[in-house]
Structures are given as C-alpha cells and as structure tokens.
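Inspection log for the structure reproduced underneath, given as structure tokens.
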Amino acid sequence: MAYINKIILKTFIDGPGSRMAVFMQGCNLRCKYCHNPETWNLCIHCGECVKNCKKGALFFEDGKVKYNKDLCAKCDVCINVCPNNSTPKYEIMSAGDVYKIAYYNKDFLDGITLSGGECTLQYEFILELFKLIKENTKLTTFIDTNGYIEFDILKKLIDVTDGFMFDLKALNSENHIKLTGYDNEKILKNLEYVSKNGLLYEVRTVLVEGFNDSEDEIEKISEYIYKLNSYTKFKLIPFRPLGVKGELSNMESFDKEKFEKCYNISKKILKSRLKD
Amino acid sequence: MNGIIEILSDTKLDYKQKRAALSSFAENSLPYVDISDKARKYMEDGIICNLNEGNAPYRPRYVLPDYKKYFENGSKYLNIKKPSDMYEAVNALLIIYNYVPSITGYPVYLGNIDELLEPYCDSVSERELENLLKMFLINIDRNLPDAFVHANIGPKDTKVGRIILNLEETLKDAVPNLSLKCSKDTPDDFIKLAIKTSLEIGKAYFINHDELVKVLGENYGIASCYNALKIGGGSFTLVRVNLKEVAKISKDYNDFIERVLPDVINCQCEIINERARFIVEKAKFFESSFLAREELININNFTSMAGIFGLYECVEILSGMKMGFDNIAYEMAENIIKRAYELVKEKEGLYCNGYSGKIGFHAQSGIDSDIDVSAGVRIKTGCEPEIFEQIKLEGKLQKYFDTGVSDIYIFDKTAKNNLEGVLTIIKGAFKNGIREMTINTSDSELIRITGYLVKRSDIEKYEKGEPLREGTVALGADSIKNCGILDRKVRGI
Ligand code: SF4
Ligand code: SF4
C-alpha cells in the first residue's frame, strides 16, 4: 500500500513520450522553493482542514480525517491551512490499483513516471508496481527523484527502472544546504551511479535568485553534467512562487532576462543537451 | 424580387459571393424536389435539414474527380495534355480545380496531391520544387477561398508531402483543408511532421487508412470537412437528422427507437433519393459534365449521405445522463447509432452504386446555425471526459460511420516538445477504433470550427463588419458564438 497524492493520466513533460505520472506523498528534503510542500508529510488528523472546508468535503470517521471527492470544490483551502505540510486528499492505493489504471490506458502511453514528494521513500510499492508493468505491458518505467536515497535501495530500483530524472538543487554543497537543509554528497554519488548505468535520462535544476543562480554555479553544474556522460539532458527551470510556503513564498518569479543569461551560459557548454 | 435587391446591396458580400447567392436564389425560386408532406413537415420543424443545398439540385454535393486518370490521359475538354514536368502538373491541377462542381462552387476534393505530384519531382531543382508548391498552395488559398476545399497526402512517405507540411506551417492559411492518410507503412517521422504542423495550425486530419481501406477500398479520398468517399465518385447529397429534435418529439427511449427514429430516417432517405433522382434524371448531370464524359467521374462510384448530429443532447434528453460520464448513457448512445445505421442501411439508395446501392452513414459536423446542439456523435464541447476516456468512447461510435466521422483533441503547448507522445496517442486512438481525428493546441492561430479552420484574426475582422474573401469565416464566427467552440477542453496537465 502506498500514499498517493495525485495521478495524472497524461503528461508530456515527465519523461519521454506520453506518460502517466504518479505523485507520491511524503518527502525527505525540505527545499525552500518547493512548489508542493503539501506532499511533505502524512496527515496527523489534527482537523484544522476539516474546520475550514466550506463544502463539507472533509469529515472525521473513527478519529481520522476522510475526504469526499464529489463534494470538493478544489479550492485548496485545506492545503493552505494545514499546519503540517500535508493534505487530507491523498489516497491509499495498492500497486495493483495503480497498475490497473496504467494497463487500462496502455494504448495511449509510452510509460509511467513516479514522482512526488519523494517517491523512493515508498520503494517497496515501486518495486511491486514496476514489476507488474514490466511483466504485462511494454510501458517504460521512470522515476523522478531528489536522489536522497540509500544506496542499496537505489540498486534494487535500478533493476526495474528504465530511466531516472534527478532534481539537482545545487552542485555547490553550501548552496545545497542553504536550499534544502542537507548536504548533496549522497545525492551526487547516486546520480553518478545511475549515470554509469546508462539510466540518467534528465537532470533538472530550479533557479532560485541568490541561492544557485551565480554564473559560477551554472557553469559548474553544466560542466559537471557535460562530463558525466554523453547522453543526459539538462533542464533549467525558473523559480515561481506558485504553491511555495514559508521564507520564499513572497519571492518574485525568477527574472526572465536573468534566466536567459543563465540559459545561454549552460547552452554554450551543453549545446543540444540543454532542454528548452 | 426584394431578395435579389438585398443580395445585390449586401456590403458583407463581394462580387463572387453575390453571384453565388443570386444563383441559389434562382434555384430556390423553383419548388423543392417532390417529397411527401410528412418529410416536408420534418424539414420545416428542423428535425431534418439539407444544409442549404437548394430546392432543385443540378450537381452532386461532393465530387471527387479521378485526378490520376486526368494526369494519365489529359483532358480534351480542357485542352490539357498529360503533364510532362512539375510545371505542367501543377498547372493542370490548378486549371481543373475551377471546373469541379459542388454546392459552394469550389472543389471539395483536390486529390492525393503528394502522390500525384511526386513523380515529377526530378523535373525541377529543389528550390523550384519548393517555390512551385508554395505558389500552388497560395493559389489554392486565394482562388478557392473556401475551407471545405480539401487536399490529401499519404499514406506513402513523399518528398512533396513533407514540403507541403512544412509550407503549410509557415503559410498558416486556412485553405486547403488537409488530411494525412496514416497506415502501418507510413513512417513515424512523416506522421510526426504532420503532428508538428497540426499543433501549429490545426491541420492535417489524421486518417486511419488501414481501417478506411477495409470499408471503402484503396481508392477513397477525404473531401470537404472529413467525408470519406470513393475517388471518381462522390455524394449526390447530404441530408442530416437532428437527433436532439427527434428525442424531443419522442415519448421515451422506446418510442424513440421503435417509432419516431424509424419514421424520421424513412423520410430522410426519401428526401435523399428524390434529390439524387433530380440530379441524375432531371438535371441530367452525368450527361452534361465533361468529368463524366472523360470518365474522371463515374456514376457507379457515387452514393448519397445520411447524416446525424446532436447525439449528445439526444442521450441527455432520453436518459437524463451525460455521455462521457455515465456508462448507461454511453450504452444508449451506441444503441441509438447502431439503430440509426441499420435503419439507413435497410433502405435502397437510389443511384448509390458505389456503396452497393446503399446510402452512406455520416456523423455531420454541425453548421453555424446550430445552437446548443453538438456535432455528430461528439461529446458536448467543454464537457469531454479525460482524453483517453473520450477517445475510447468515441472509438466505439466511429466504427458505424462509412462516409465520415471525426473528433478533435486539443492539447496544451507542452505537446509541441513531445511529438513522440502525441504520436503514441494517435496510434492508440486508431487502435481503439478512431477513423478520423484532428489535434490542435489551445493557442493555435487557426481555429478549427467543426470540420474546417478559420483564423482567429479573421473572425475579429468579421465581427467588425469588414468584407472577407472566405465564406467560411462568417460560418466560423457564428459557430464560435453559437456553439462555444473556444470552450473545447484543453488537453494537458
Ligand atoms: S491534512 Fe493537515 S490540517 Fe488536515 S487533518 Fe491532516 S494534518 Fe491536519
Ligand atoms: S479543496 Fe479542500 S477545502 Fe476546498 S473543498 Fe476541497 S476538500 Fe474542501
């Protein structure tokens, strides 16, 4: 059983081709710019959201908060008032449940991508799901991760996964700590291992003003990826305040001109390996 | 006489449009072809409609000349010899297009243009080739300014087809309408090129060639909005039934299926056959057309078309449920279509020699005056379920239509960077029974109405009262207002 924040049946931006994306609940990093902090924690049933839902879509049953989709107006008030960076709307599903959805739509899909939160925290579910998919369909299996994984778990996942997308917050360790609260040593080690296995499909970096947008950082990160292998694509994403809570919630969207500058620096190094 | 003055002095019409309006005024001064009172009543009540075809038809609605034969033999009547190079080939086509009759006066079928022109590629340099094709397309857009003018490409990969797709993307003209026949043998990157073009300008249509060959044989073309008809033939007429209105006069579902629908379709077929009879026997079309004389068309390849539309609202009225969200509604929808199909096929189609004496069944795409009623068997604009579900449901219905049916799937702009993904979805759609479909993005410059395209900017001009070359812009502008076209669901995340 796994905690599933959301399933998107069709996405064009989470790996190659047409894919189904599964966003899982729970995360082990605390990035300041996180656009979905409501995926960080499991619900502790404090009831704050129940009080604030105007539609009666949330209620208590046996001391636990329950959610009625049919009444929900998708106003996201519950997410905004949750003091615990969680949401009352995630679902508990089995690998079989998710597999069935993918199988039902297999004619229209190239694959499935697991994302989050940090999906690898629920790696047993992924192993089971990907095995089912591999045994019964031609769909490819991708994982979108922050890379903060125990090495033996990563090794297990590699056996059933066709591609990884790594979110690399910063190459410079200090910058990384400033942004996430954690050092990136473990992440880089994992990233390099995946790269060696030929499975590092894409690396993404969100540019946040004053944290990781210096010329030096962009250059280093681009060179790092350039030297890593000959195939991994890199994507730069400008920061947007949408959904962000806490310190950076009032920060403006990353400046367009500045973004272009960063993009051009990286383009010079990575050429066609830098994604638009 | 007042009507004539009105046409003459209409400032929204240019000279050609006035001439067309005057000729239909003259035609309509004759009584309607000889039909029963009951059939007439259904027409007056808007239950059956013949799409402004006129009272006394003197030419078939859709004509698909055999341009291949024209290229092989030339034409005595047009004094055109078998073309010997690309210049002559392009010229020969541009000439004959002006002689193909239809309801609007513009040819609804331009041929499998890449297959036709490909053999002449070696007669010109690369640059000439591109320039000629560009001139060819611009000539068609300016001289035949009607978005129902339809060209086909594929299923074989061709240099000409690829150049046309690239040119279309830069020209961004509404005319010609364009279809890509896709078969198992069509290379993926040819289809992807068409996807790229489609995401920019809303055409080409993607045609499930392997499936249509099973129905019509290799020798078919896509004409007008998306009508699948035999080459060297066509359709005498298209008369459509508004299923929403049929539902309104039925007591309940049983009454609809057992009594009202059979009665309406009976009258529909009666009208169709009388119109075909008039064209062949009274107007003696095949005796006066050089296309027939030179065997570029043959009555044995013709049929007539029985169209239906407004299925979504019909089901809503009969069941109180919505197609796309309730399984029962969908079962009902399929039963209705199956029943209508069988009723049409029970009847003899007069001169429908190309379809073994049967009338073709067609999901009609709707016109400007349709208010609150959905095209063909489509789910109401803005009420579509999630895209894969929509495709699966529509796929089950499309198999009943042997002379044309289509659906539109709209993606957001992330599709532009993932042509592979769109290709997978199109192939999945074909696998699930879809015969004809289009795609578009929400920010495209050309807006697909139901079977054709108009430019966003032209619609704005029309609303300001400026005269325009294209009759279909007016149709489009009214359609957008009346049918909520811009509400169509955007597909993306
Ligand atoms: S979702 Fe948040 S606010 Fe609601 S009960 Fe759970 S922890 Fe409390
Ligand atoms: S989004 Fe949350 S608060 Fe809003 S209606 Fe739905 S459950 Fe209630």
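Nothing in this text is a laboratory measurement; each read-out follows from the coordinates by a stated rule. Since this is a predicted model, take the numbers as computed values, not measurements. Using ideal geometry, Cβ is built from the backbone for each residue, glycine included, and neighbour counts are taken over all protein chains shown.
For the ranges A:193-201, B:425-433, A:16-24, what's the packing order if you count other beta-carbon atoms within 10 Å of each residue, average per peptide, and put the highest first?
A:16-24, B:425-433, A:193-201
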If you plug each phi of segment A:35-45 into the Karplus form 6.51 cos²θ - 1.76 cosθ + 1.60 with θ = phi - 60°, what whole-Hz ³J(HN,Hα) values come out, in order, with x for Gly and Pro? 7, 9, x, 5, 8, 5, 10, 7, 5, 9, 6
Taking the Cα atoms only, what angle lies between the long axis of helix A:123-136 and the longest principal axis of chain A, rounded to 10 degrees? 90
Simple spin-label model, 7 Å along Cα-to-Cβ: B:S288 to B:D10 in nm? 2.3
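Dipole magnitude of the protein assembly as shown about its Cα centre, charges +1 at Lys/Arg Cβ and -1 at Asp/Glu Cβ only, in debye to the nearest 20?
Working: 104 positive and 112 negative charges, 40 e Å.
So the dipole magnitude of the protein assembly as shown works out to roughly 200 debye.
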Looking at B:Y312, B:L171, B:G357, which one has the Cα that reaches farthest to the positive end of the dipole of the protein assembly as shown (charges on Cβ: Lys, Arg +1; Asp, Glu -1)? B:G357
Averaged over the residues of B:421-428, the number of partner chain Cβ atoms within 10 Å of each residue's own Cβ comes to 6
Given an 8 Å cut-off on Cα distances and at least 6 residues of separation, report the relative contact order of chain A as a percent. 18
Each label point is 7 Å from the Cα along the Cα-to-Cβ direction; what then is the distance between the points at B:S36 and B:K156, in nm? 5.0
Along segment A:92-109, what does the Karplus equation 6.51 cos²θ - 1.76 cosθ + 1.60 (θ = phi - 60°) give for ³J(HN,Hα), rounded to whole Hz, x for Gly and Pro? 9, 9, 8, 4, x, 4, 5, 4, 4, 5, 5, 5, 4, 9, 4, 4, 9, 10
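Just checking the output field for A:13-19: average partner chain Cβ neighbours within 10 Å of each residue's Cβ? Intermediate values should be presented prior to the final figure.
Numbers: counts 8, 3, 2, 4, 8, 12, 3.
The per-residue average across the peptide is 6.
Highest mean first, how do B:338-344, A:183-189, B:152-158 rank when packing is the count of other Cβ atoms within 10 Å averaged over residues? Don't skip to the answer; put the middle values down first.
On the way: B:338-344: 18.6, A:183-189: 16.1, B:152-158: 22.3.
Listed from highest to lowest mean packing, they are B:152-158, B:338-344, A:183-189.
If I take R0 = 60 Å and measure r between the Cβ atoms of A:E192 and B:S84 in this structure, what FRET efficiency does the formula 1/(1 + (r/R0)^6) give, to the nearest 0.05? Could the numbers behind the result be given before it?
Numbers: r = 64 Å, r/R0 = 1.07.
Given R0 = 60 Å and the Cβ-Cβ separation, E is 0.40.
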Which Cα, out of A:F259, A:M20, A:F60, lies furthest along the positive dipole direction of chain A (beta carbon charges, K/R +1, D/E -1)? A:M20
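Percent relative contact order of chain B, based on C-alpha pairs within less than 8 angstrom and at least six residues apart? Don't skip to the answer; put the middle values down first.
On the way: 990 pairs, mean separation 84.0, N = 493.
Once divided by the residue count of chain B, the mean separation gives 17 percent.
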Dipole of segment A:150-233, Cα-centred, from +1 at each Lys and Arg C-beta and -1 at each Asp and Glu C-beta, to the nearest 20 debye? 340
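With r as the distance between the Cβ atoms of B:K69 and A:E185 and R0 = 56 Å, compute the FRET efficiency 1/(1 + (r/R0)^6) and round to 0.05.
Values: r = 74 Å, r/R0 = 1.33.
Taking R0 as 56 Å, the efficiency between A:E185 and B:K69 is 0.15.
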Where in segment B:164-268 are there GluC sites (Glu not before Pro) that are in a DSSP coil and have at most 10 other Cβ atoms within 10 angstrom of their Cβ? B:E218
Read phi for every residue in segment A:194-211 and hand back ³J(HN,Hα) as whole Hz from Karplus 6.51 cos²θ - 1.76 cosθ + 1.60, θ = phi - 60°, with x for Gly and Pro. 4, 4, 4, 7, x, 10, 8, 5, 7, 10, 10, 9, 8, 7, 10, 3, x, 10
Peptides A:258-270, B:354-366, B:89-101: what's the order by average Cβ count within 10 Å, highest mean first? B:354-366, B:89-101, A:258-270
Farthest toward positive dipole pole in the protein assembly as shown [+1 Lys/Arg, -1 Asp/Glu at C-beta], among B:A151, B:F71, B:G324: B:F71
Enter the mean number of other protein chain beta carbons within 10 Å of the beta carbon of each residue in B:410-418, as an integer. 3
